[in-house]
Amino acid sequence: MAELTIKERRQIQRHPMLAQEPAERRTNFSEVALGYRLEQAIAEANRCLSCKKPPCVAGCPVEVDIPDFIVALRNGDLDESLRILKSKNSLPAICGRVCPQETQCEIVCVLAKKAEPVAIGRLERFIADWDLERGAETPAVAAPTGRKVAIIGAGPAGLTCAADLAKAGHKVTVFEALHDPGGVLVYGIPEFRLPKDVVFAEVGCLERMGVEFVSDAVIGKLYTIDELLDEKGYDAVFIGSGAGLPSFLRVPGVNYNGVMSANEFLTRVNLMKGYQFPEYDTPVKVGRKVAVIGAGNVAMDAARSALRLGHLWAERTGGEPTVVHIVYRRSPAEVPARAEEVHHAGEEGVIFDFLTNPVELYGDENGNLCGMRCIRMELGEPDDSGRRRPIPIEGSEFDMDVDVVVVALGTSPNPLVFHNADELERTKWGTVKVVDETTGLTTKDRVWAGGDVVTGAATVISAMGAGKSAATDIHRFLMDSDR
Amino acid sequence: MYEILEKVAFSDVTTMLVVKAPEVARKAQAGEFVIVRIDDKGERIPLTIADFDREAGTITIILQEVGKSTLQMGAMQVGDAFANFVGPLGHATEIEKLGSVVCVGGGVGIAPIYPIARALKNGGNHVISIIGARDKDLLFWEDKMREASHELVVCTDDGSYGRKALVTAPLKEILEERGDEIKRVWAIGPGIMMKFVALTTEPFGVKTIVSLNTIMVDGTGMCGGCRVQLKEGAKFVCVDGPEFDAHQVDWELLLARQRFYEEEEQRALEHYRSLLQVETAQS
Ligand SMILES: Cc1cc2nc3c(=O)[nH]c(=O)nc-3n(C[C@H](O)[C@H](O)[C@H](O)COP(=O)(O)OP(=O)(O)OC[C@H]3O[C@@H](n4cnc5c(N)ncnc54)[C@H](O)[C@@H]3O)c2cc1C
Ligand SMILES: Cc1cc2nc3c(=O)[nH]c(=O)nc-3n(C[C@H](O)[C@H](O)[C@H](O)COP(=O)(O)OP(=O)(O)OC[C@H]3O[C@@H](n4cnc5c(N)ncnc54)[C@H](O)[C@@H]3O)c2cc1C
Ligand code: SF4
Ligand code: SF4
Ligand code: FES
């Protein structure tokens, strides 16, 4: 077959990805987006113009060689495509699913100027899933160096750092506080967006590379950072403990039963598999009228989970499905969540209340939440964040009938890990201060940090990028013969 | 996996397990707790470290069978193992030399009060202890508590052993007789007992420490499910506690929060019982 011309490539429409229908998917926790088949992937790959100076690469925080992996894919050389992809991104099956592509690699694709961009994320997912299906190839590992590194936290930052250091031949141990590795990927992001088997397959690959995982290990309690360095004999430590501390609403009534952080709600649903209660032991409250406060990715995940729990409940009992609201104090233009997630939530039946803010929560005589007073807002002048400041409209208060409120208003780093590590300086936001942003070196000797614990809540791919650059610097440090 | 090395049934519903967890034992202190999970489907259950042996590498836990998970744990045998055993969590009890102190343990709360009483006695305090339970069968560790205390009062709600009284009755008498001498009170037991201990000691102005047992998930400050309302604001029991000044606690809210999952707990229990029936029918 002759090569397609640029004009021909430009004429191909972006290929939609198969997905479960909204009415069906809101009654289960299975994955919504079903991925491309080989023919679709090749057809989509044919849209890429193989730009000489590809802007898409610069849009990716880890600079995946996008045109190269796409060309290999369309030539049918999936092995080569995977190799190119994995040389920059060790967790492509995850990134292909959860990266905010529309603000990173895809937004700058040259096609985006006139038409829709190449579906880079979907192609990435296709290659990675193909690899997982055949049992995932284990990357080659260099000869042992005799050096030991401790990684704190098994989220994307820690996993990426572990992978690169293991490849370089170092002995790596990952200490994780929870019982399963994955960080937000397993406790926060729901199964219907990121199947846990995908995460565990990636972890399995690291295990085959010789990385040791120690679960139930809360650093700061079980061992301090100093103990890891001085008593346990680790040559270096990487902190990738994320930003797991929830913020609560500052209004009266937040401690009534039924008001919970998104972390609690999502952990019960995802990590503990609360949606399979009572086959799994951990319960999660299925509200009849749920309000999720906030409009980030976390809020969308909470709202869509609540909706599914409600439909499962209705199927079991014959009752009315749960009504789920997103309550957000700004307007649709300021919504921080990925466009696709907002779209999916709307399709599934989540109701959006914009320019609305809670002012008080009410409880009944048993201490159970039974209502929420809100106030309408209007947008004023731009604030520090550059977004227009929401201002309450006097006298516009009204009451909402709710029995569950999930608070998704952001998180900050959990200080537990810093116990007895005074040399480790932190910022006023509680994040770790790094002396060199390109390496993640902290103010404490032999200790690096990266991911949400440094930046505050951000993205999977930026956490991975930080894990990767720290690994490069840790490797340099470990191999430095003068140290 | 964390193996059970020893099992002692104190009563039909109270069981002691000695679990192999050397790394946890290395760090354990009185007042701290662990979170355990039986298997891959299990809930994360907080339990106080009732005792520890650093050399043997073991942690002793005592559980009262109140629902699905604790029932299932009660049925575990020597050689069985927990899938997960996280700890030590929370803050250790602050042991100072104060003078005379009272330690109150109610029901399964006798387990966690024991290492505290022992540490206070070793720390040079005069320790008066009160232990109580609904009936004789639910009492345990009378001998250990006697050893860890200078004076010991034993009571049961129904009078089947010791004095027929709630723990607050002897506590009130002690405070009336020698209130000036008593420098501090520790109380651990069911929420309702701790609430009434707080109400009993408040008029005497004696600082009272309780160890709260809210519902938890992670035990590391990540979910906020364990939060308690104090006069100074909300705190997380798992990382800020579990010990708090009893006179600061909003008890009504605390007791209400413990009841939040009543309906689901009942369903879990029924599900477990039905599974057990299937098992017995098959064997
Ligand atoms: C609900 C939700 C949805 C999201 N959706 C998206 C999305 O669609 N796309 C996207 O790009 N990003 C998304 N994010 C953000 C993204 O998940 C995070 O930015 C990313 O996971 C940060 O990675 P990390 O490795 O720094 O930390 P984490 O993923 O938070 O992992 C940190 C790990 O460290 C462990 N840990 C913490 N303290 C200790 C300790 N003391 N000892 C041992 N272990 C410890 C934690 O248990 C955890 O496993 C979402 C976040 C949430 C909460
Ligand atoms: C820091 C801490 C230390 C604890 N130490 C011990 C201990 O040493 N020994 C022990 O037996 N228990 C202890 N508990 C309580 C124990 O965690 C609960 O009894 C257990 O989680 C119940 O689980 P279940 O599935 O068996 O019962 P569920 O089905 O969850 O509950 C059954 C009944 O127990 C009540 N209940 C549920 N959770 C709690 C709770 N957290 N506290 C009190 N009542 C509850 C419910 O209201 C219900 O009536 C402790 C709790 C905390 C937070
Ligand atoms: S890793 Fe994320 S940003 Fe980079 S190419 Fe893949 S989908 Fe795009
Ligand atoms: S910018 Fe778009 S068309 Fe150009 S190489 Fe990247 S993906 Fe292909
Ligand atoms: S148990 Fe989750 S914060 Fe305390």
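The values are calculated or read from the model by the stated rules, or taken from the named source; none is laboratory data. Only a predicted model underlies this, so the values are computations on that prediction, with no experimental measurement involved. Here the Cβ is made from the backbone with ideal geometry for all residues, glycine too, and neighbour counts use every protein chain on show.
Any residue that is within 30 Å of A:VAL218 (Cα to Cα), among the polar types (S, T, N, Q) and touching a residue at least 40 places away in the same chain (Cβ under 8 Å) - is there at least one of those in the range B:215-227? Yes, there is a match, as at least one residue in the range B:215-227 is within 30 Å of A:VAL218 (Cα to Cα), among the polar types (S, T, N, Q) and touching a residue at least 40 places away in the same chain (Cβ under 8 Å).
Here is the figure for the range A:237-271: residues that are more than 7 Å from chain B (Cβ to nearest Cβ) and touching a helix residue (DSSP H, G or I) at 6+ places or on another chain (Cβ under 9 Å) total 14. A Cβ distance below 6 Å, combined with a sequence gap of six or more or placement on separate chains, defines the contacts here; from the range A:89-115, residues that are among the acidic types (Asp, Glu) reach residues that are in a helix (DSSP H, G or I) in the pairs A:GLU102/A:ALA339; A:GLU106/A:ILE120. In the range B:226-238, what residues are surrounded by fewer than 24 Cβ atoms within 10 Å (Cβ to Cβ) and either touching a strand residue (DSSP E or B) at 6+ places or on another chain (Cβ under 8 Å) or assigned to a loop (DSSP other than H, G, I, E, B) (or both)? Hits for the range B:226-238 are B:VAL228, B:GLN229, B:LEU230, B:LYS231, B:GLU232, B:ALA234, B:LYS235, B:PHE236. Among the residues in the range A:246-255, are any among the basic types (Lys, Arg) and free of Cβ contacts under 8 Å to residues at least 40 places away in the same chain? Yes, some residue in the range A:246-255 is among the basic types (Lys, Arg) and free of Cβ contacts under 8 Å to residues at least 40 places away in the same chain. When the range B:19-31 is limited to residues that are surrounded by 21 or more Cβ atoms within 10 Å (Cβ to Cβ) and modelled with pLDDT of 95 or more, the one that is farthest from the other protein chains (Cβ to nearest Cβ) turns out to be B:VAL19. Quick check: is even one residue across the range A:201-209 more than 9 Å from chain B (Cβ to nearest Cβ), crowded, with 24+ Cβ neighbours inside 10 Å, touching a residue at least 24 places away in the same chain (Cβ under 8 Å) and of a type in the set (Gly, Ala, Ser)? No. Somewhere in the range A:371-390, is a residue over 32 Å from the mean Cα position of the chain (by Cα), at pLDDT 95 or above, under 30 Å from B:ARG257 (Cα atoms) and assigned to a strand (DSSP E or B)? No, every residue in the range A:371-390 fails to be over 32 Å from the mean Cα position of the chain (by Cα), at pLDDT 95 or above, under 30 Å from B:ARG257 (Cα atoms) and assigned to a strand (DSSP E or B). Evaluation of B:GLN282 against the conditions (1) over 23 Å from A:MET272 (Cα atoms); (2) within 20 Å of the chain's Cα centre (by Cα) shows that the sole unmet condition is (2). Selection within the range B:205-220: residues that are buried (at least 22 other Cβ atoms within 10 Å of the Cβ) and not aliphatic (A, V, I, L, M). The member of this set that is farthest from ligand 2 (Cβ to nearest atom) is B:THR208.
For (1) within 12 Å of ligand 2 (Cβ to nearest atom); (2) among the basic types (Lys, Arg); (3) within 14 Å of chain A (Cβ to nearest Cβ), each residue gets a yes or a no:
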{"position": "B:PHE33", "(1), (2), (3)": "yes, no, yes"}
{"position": "B:ARG44", "(1), (2), (3)": "yes, yes, yes"}
{"position": "B:LEU63", "(1), (2), (3)": "yes, no, no"}
{"position": "B:ALA83", "(1), (2), (3)": "no, no, yes"}
{"position": "B:LYS97", "(1), (2), (3)": "no, yes, no"}
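If I filter the range A:427-454 down to residues being free of Cβ contacts under 8 Å to residues at least 60 places away in the same chain and of a type in the set (S, T, N, Q), which single residue comes out as farthest from ligand 4 (Cβ to nearest atom)?
The selected residue is A:THR443.
A:ASP131 - would you say it is surrounded by fewer than 23 Cβ atoms within 10 Å (Cβ to Cβ) and closer than 29 Å to A:ALA43 by Cα? Against the criterion (surrounded by fewer than 23 Cβ atoms within 10 Å (Cβ to Cβ) and closer than 29 Å to A:ALA43 by Cα), A:ASP131 qualifies. Restricted to strands (runs of 3 or more DSSP E) entirely inside the range B:1-57, those with at least 2 residues that are more than 18 Å from the chain's Cα centre (by Cα) are B:2-9.
Kindly establish whether B:GLY221 is within 11 Å of another protein chain (Cβ to nearest Cβ) and at positive phi. Against the criterion (within 11 Å of another protein chain (Cβ to nearest Cβ) and at positive phi), B:GLY221 qualifies. State which residue is farthest from A:ALA41 (Cα to Cα) when the search covers only the range A:1-22 and only residues that are assigned to a loop (DSSP other than H, G, I, E, B) and touching a helix residue (DSSP H, G or I) at 6+ places or on another chain (Cβ under 8 Å). So the residue we want is A:ILE12.
Identify the single condition in (1) within 13 Å of chain B (Cβ to nearest Cβ); (2) closer than 24 Å to A:THR411 by Cα that A:GLU227 does not satisfy, given that it satisfies every other one. Evaluating A:GLU227 over (1) within 13 Å of chain B (Cβ to nearest Cβ); (2) closer than 24 Å to A:THR411 by Cα leaves (2) as the failure. Per the listing A:LEU178, A:LEU222, the residue uniquely within 14 Å of chain B (Cβ to nearest Cβ), within 24 Å of B:GLU32 (Cβ to Cβ) and surrounded by 24 or more Cβ atoms within 10 Å (Cβ to Cβ) is A:LEU178. In summary, strands (runs of 3 or more DSSP E) completely within the range B:64-154 and bearing 2 or more residues that are under 25 Å from B:LYS172 (Cβ atoms) and more than 16 Å from ligand 5 (Cβ to nearest atom) occur at B:100-106, B:126-133. Going residue by residue through the range B:239-259, is there one that turns out to be away from ligand 4 (no atom under 16 Å from the Cβ), more than 20 Å from the chain's Cα centre (by Cα) and more than 20 Å from A:VAL405 (Cβ to Cβ)? Scanning the range B:239-259, I find no residue that is away from ligand 4 (no atom under 16 Å from the Cβ), more than 20 Å from the chain's Cα centre (by Cα) and more than 20 Å from A:VAL405 (Cβ to Cβ), so the answer is no.
What number of residues within the range A:28-69 are in contact with an Asp or Glu (Cβ under 8 Å, 6 or more places away or on another chain) and surrounded by fewer than 16 Cβ atoms within 10 Å (Cβ to Cβ)?
1
When you check A:GLU315 against the structure, is it within 11 Å of chain B (Cβ to nearest Cβ), more than 16 Å from ligand 3 (Cβ to nearest atom) and either more than 30 Å from A:GLY146 (Cβ to Cβ) or out of contact with any Gly (no Cβ under 9 Å at 6 or more places or on another chain) (or both), yes or no? It is false that A:GLU315 is within 11 Å of chain B (Cβ to nearest Cβ), more than 16 Å from ligand 3 (Cβ to nearest atom) and either more than 30 Å from A:GLY146 (Cβ to Cβ) or out of contact with any Gly (no Cβ under 9 Å at 6 or more places or on another chain) (or both).
Return yes when B:THR214 is outside any helix (DSSP H, G or I) and away from ligand 1 (no atom under 16 Å from the Cβ) and no when it is not. Yes.
Scanning the range A:111-138 for residues that are in a loop (DSSP other than H, G, I, E, B), under 18 Å from A:ARG338 (Cα atoms) and away from ligand 4 (no atom under 14 Å from the Cβ) yields a count of 0. Applying the criterion of being closer than 17 Å to A:VAL417 by Cα and among the charged types (D, E, K, R) to the residues of the range A:427-470, the residue that is farthest from ligand 3 (Cβ to nearest atom) is A:ASP445. Looking at B:GLU252, B:GLU263, B:GLU202, B:GLU270, which is the one that is surrounded by fewer than 18 Cβ atoms within 10 Å (Cβ to Cβ), in contact (Cβ under 8 Å) with a residue 12 or more places away in the chain and either assigned to a helix (DSSP H, G or I) or facing chain A (nearest Cβ under 10 Å) (or both)? Every option except B:GLU202 fails the conditions. From the list A:TYR223, A:TYR234, A:TYR187, the one residue that fits, being out of contact with any strand residue (DSSP E or B) (no Cβ under 9 Å at 6 or more places or on another chain) and either aromatic (Phe, Trp, Tyr) or at positive phi (or both), is A:TYR187.
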